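We did not get these values from a lab; they are worked out from the coordinates using the rules stated. Because the structure is a prediction, the values reported are computed rather than measured. Every residue, glycine as well, gets a Cβ built from its backbone with ideal geometry; the counts of neighbours run over all protein chains shown.
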């Protein structure tokens with residue numbers, strides 16, 4: 001691997017350590033972010049590559065996303081308790097909000113889904129997908145996130161966008177505000193990748209790729225085998 005980016009959800013706290021590790025390995029590093037936004041009636045993730053983590057607007061957006069994550073995390077734990085699981089916010093998450101791997105680990109210890117991380121993660125995805133729009137109030141629109149990423153000196157990409165391609169004018173507006181689409185996404189088949197790649201090409205946009213690896217509760221990490229264009233590398237590693 002000759003180059004990598006770290007794009008944690010709504011935080012840049014790991015960038016300094018990742019950059020240092022990359023230097024030791026002789027790997028080109030691009031500081032990144034994956035911003036949580038709300039558009040097309042659903043949560044939309046917008047990747048930022050080559051961002052300056054000190055950008056005030058980016059940090060403000062991260063703080064907002066953390067508050068939304070905190071509220072929804074507590075909402076989920078309380079829903080699990082209502083189902084009869086021996087878990088509670090005060091007892092198990094006094095330091096809330098915690099990052100997703102920690103959240104799943106603690107719920108496994110409490111016996112949720114028989115302590116199987118993959119099953120807890122599946123339950124997490126279902127619960128958060130069914131939350132109403134009001135649960136995401138305060139999050140920026142994808143277009144606003146792209147503007148913040150640009151302000152931070154980065155390039156903005158709509159993450160795993162296949163399902164969004166059918167959103168019509170809303171997606172068109174989103175794509176117009178961004179610099180490209182994440183075409184190389186491990187969950188996609190080759191035809192699906194080609195569909196996203198073609199959509200980017202028609203709009204004259206760049207493509208990005210990544211593993212979208214979230215942690216031990218997913219299948220083992222796989223290399224995305226993405227060869228970035230010279231234009232992308234020039235912008236995100238300048």
Cα-derived Rg over Rh, computed across the stretch 166-238 with Rh taken as Kirkwood radius:
1.00
Fraction of alpha-carbon pairs over 13 Å apart in the stretch 67-134 - percent
62
Considering all projection directions equally, how large on average is the shadow of the alpha-carbon convex hull of the stretch 48-174, in square nanometres?
9.0
To the nearest 10 degrees, how steep is helix 117-129 against the longest Cα principal axis of the chain, on a 0 to 90 scale?
80
Restricting things to Cα coordinates, could you compute the convex hull volume per residue of the stretch 102-238 in Å³?
148
Taking only the Cα atoms of the chain, how large is their convex hull per residue, in Å³?
132
Estimated distance in nm for a label pair at residue 66 and residue 214, the labels positioned 7 Å out from Cα along Cα-to-Cβ:
2.1
